[in-house]
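Reading through the structure tokens given below for one structure.
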Amino acid sequence: MPAGHGLRSRTRDSFSRPFRKKGTIALTTYLRTYHIGDYVDIKVNGAVHKGMPHKFYHGRTGRVWNVTKRAIGVEVNKQVGNRIIRKRIHVRVEHVMPSRCTEEFRLRKVKNDQLKAEAKAKGVVISTKRQPEGPKPGFMVEGATLETVTPIPYDVVNDLKGGY
């Protein structure tokens, strides 16, 4: 029989609960506070059928644009043909988790503020811009000996007899 094209087709593995994570859903899922503008990852929980997003949005990151009693409005980019559309969907809290996509940026911001404060105390002007790594420094190879390799002439007659 041909494969179906239903709403949850080909989601046997992607919607299944992970190993040793089956059973009751942790309370932190429900007690988390989301604010408008937060980045969230959409990760479908197969145990909860209500408020489940379409399989396309599974694993996508979006921004919160609305918060209701049990669900969160998430704005996700979707490529349709040659354009990218901002889709607004409502997803229940069980299928959403806070994203770590801005974590590195926030840590860098704190570190830069600290470096600027230290530089101001010393009276020095510093640049906190990220710089590319650049090429590796050169070095001299020492203790290497040269070995000249010459090819052995190929002899068809001796090869047929069984070698030299």
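The values are calculated or read from the model by the stated rules, or taken from the named source; none is laboratory data. Since this is a predicted model, take the numbers as computed values, not measurements. Heads up, the Cβs are rebuilt from the backbone with ideal geometry, glycines too, and the neighbour counts pull from every protein chain shown. Just the protein is used for accessible areas: all its heavy atoms, side chains included, with ligands, DNA and RNA removed. Shrake-Rupley method; radii C 1.70, N 1.55, O 1.52, S 1.80 Å.
Identify the residue in the stretch 1-51 that is surrounded by 10 or more Cβ atoms within 10 Å (Cβ to Cβ) and among the aromatic types (Phe, Trp, Tyr) and, among all such residues, is farthest from Lys69 (Cα to Cα).
Step by step, filter the stretch 1-51, then rank; the result is Phe15.
Could you tell me whether the stretch 80-98 includes any residue that is at pLDDT 95 or above, open to solvent by 70 Å² or more (accessible area, probe 1.4 Å) and under 11 Å from Val40 (Cβ atoms)?
Yes - at least one qualifying residue is present in the stretch 80-98.
Is it the case that the stretch 20-37 has a residue that's at pLDDT 95 or above and part of a strand (DSSP E or B)?
Among the residues of the stretch 20-37, not one is at pLDDT 95 or above and part of a strand (DSSP E or B), which makes the answer no.
Condition check: under 38 Å from the mean Cα position of the chain (by Cα) and open to solvent by 100 Å² or more (accessible area, probe 1.4 Å). Does Pro135 satisfy that?
Yes.
Mind listing whichever residues of the stretch 66-79 are touching a residue at least 12 places away in the same chain (Cβ under 8 Å), under 22 Å from the mean Cα position of the chain (by Cα) and open to solvent by 60 Å² or more (accessible area, probe 1.4 Å)?
Asn77
Can you tell me which condition Lys111 does not meet? The list is (1) closer than 29 Å to Ile36 by Cα; (2) touching a residue at least 12 places away in the same chain (Cβ under 8 Å); (3) open to solvent by 60 Å² or more (accessible area, probe 1.4 Å); (4) assigned to a helix (DSSP H, G or I), and all the others hold.
Result: Lys111 fails condition (2) only.
With respect to Arg10, determine if the residue is at pLDDT 95 or above and either among the charged types (D, E, K, R) or more than 22 Å from the chain's Cα centre (by Cα) (or both).
Answer is no for this residue.
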